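One structure is given here, and the rest of the page talks about it.
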Amino acid sequence: MNRIVQFFHKTVSPEYFYWLSGKLIPWFIGIFVVVLAFGVWGAFTAPTDYQQGESYRIIFVHVPAAYMSMLIYVCMAVAGFIGLVWHIKLAEITAVASAPIGAAFTALALATGSLWGKPMWGTYWVWDARLTSELILLFLYIGVIALYNAIDDHRKAARAVAILALVGVVNIPIIHFSVEWWSTLHQPATLSKLDQPSMHPDMLRPLLIMIVACTIYFPGILFMRIRAMLLRQERRSRWVARLLGEEGT
Amino acid sequence: MRPARKQRLWMAAFIVAGVAVAAALTMTAFQKNLLFFFSPSDVMAGEAPENQSFRLGGLVTAGSLKHLEDGLTVEFIVTDFGHSITVRYSGILPDLFREGQGVVTQGQLGADGIFAADEVLAKHDETYMPPEVADALERSGHPIDEDKSQ
């Protein structure tokens, strides 16, 4: 037990994490590029849909983006929670660093959904429960980013952000179940009922590969952001000085 | 666990639980406003607002689509297999509009019982498959529409 605690403390120390993430990033990005290549190839070669024709292919971007928008929010809230309770600097930074990535995926999900909605539904936007709750998610992300930048003290800002992230977590089940709880224009879930998938395997495979690609992309890009934030916040500490010294010589 | 940490843990848990309860109560209170459309049965039961625009949703009855003589106006029957309402609409129908598929229409119910729509949106289902598979299902006597009507 003590060993695990020791290992944990070592991993979350800024200096060690900076080193470790530096080693991991190329792996994440490398695997992401390979998986993405497979996913994109599959997305273009998947069969045409019987109802929607070629337009349905936007789901290969839309579904992973929407999935990531929720996954990243949960990661952000969990990291914020850990930072809030245990005052671990790395957790606080992880929460803050996740927000712009999540906001980007949310915006992508909304934009692709809207572009697809015009030809298929006949409108870019409707105020149904699914679309509205996803839009609220985007505002939550923007709120997190704005709140963090509004407070000068990094640690205090991170705690305020954690509370906002925790408040917003209630929106995640609302987004997911909105299509079941209320009548919406958005169709019910295709993927989350794996026992009886309502998607042909030839279409499902590239979609799942795209989801995996995005999931690998997230830690890669997150670690880059965390490293940049660590360097800035720890710029007066000895390990950064040592690091810069090493690179200077 | 140190007391200060424990206190913060409880505070965080309290925030999440409090917001969840507040959200659940709010959503229960606004349940009706959160519905995007009314089904024909809701309308027949008098739940839809009268003399006021609302959204009507359901499946387009197969074989019910009629083009009126002016060439622009269409009529079709929206059903939820309990009740049916005739919808009249002048304008361009979305790509996914088909007989047997879901639609959401916005408009007013007239005194003649015909729903005058000024917007028709196609609501599609969560099924994705190649056309050959859809044809095969049709041939084997298990058309896709059958699953949807459940």
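The values are calculated or read from the model by the stated rules, or taken from the named source; none is laboratory data. Keep in mind that this is a model prediction, so the values were computed, not measured. Using ideal geometry, Cβ is built from the backbone for each residue, glycine included, and neighbour counts are taken over all protein chains shown. Heavy atoms of the whole protein, side chains included, go into the accessibility calculation; ligands, DNA and RNA do not. Shrake-Rupley method; radii C 1.70, N 1.55, O 1.52, S 1.80 Å.
General observations
- Residue A:24 satisfies every condition listed in (1) open to solvent by 30 Å² or more (accessible area, probe 1.4 Å); (2) under 20 Å from residue A:178 (Cβ atoms) except (2).
- When the stretch A:169-189 is filtered for residues that are in contact (Cβ under 8 Å) with a residue 60 or more places away in the chain and within 7 Å of chain B (Cβ to nearest Cβ), the ones remaining, listed by number, are A:169, A:185.
- The stretch B:76-89 residues that are at negative phi and of a type in the set (D, E, K, R), paired with ones that are buried (at least 22 other Cβ atoms within 10 Å of the Cβ) and assigned to a strand (DSSP E or B) (beta carbon under 6 Å, 6 or more apart): B:80/B:58
- Listed conditions (1) in a strand (DSSP E or B); (2) under 30 Å from residue A:59 (Cβ atoms); (3) free of Cβ contacts under 8 Å to residues at least 40 places away in the same chain; (4) more than 9 Å from chain A (Cβ to nearest Cβ) are all met by residue B:117, apart from (3).
- Of all residues making up the stretch B:90-111, the number that are farther than 22 Å from residue A:51 by Cβ and in contact (Cβ under 8 Å) with a residue 40 or more places away in the chain: 4
- The number of residues in the stretch B:64-86 that are in contact with a Gly (Cβ under 8 Å, 6 or more places away or on another chain), within 14 Å of chain A (Cβ to nearest Cβ) and of a type outside the set (D, E, K, R) comes to 1.
- The residue that is modelled with the lowest pLDDT, among those in the stretch A:177-222 that are in contact with a Phe, Trp or Tyr (Cβ under 7 Å, 6 or more places away or on another chain) and open to solvent by 30 Å² or more (accessible area, probe 1.4 Å), is A:200.
- Flag set for residue A:86, criterion: within 10 Å of another protein chain (Cβ to nearest Cβ) and open to solvent by 30 Å² or more (accessible area, probe 1.4 Å).
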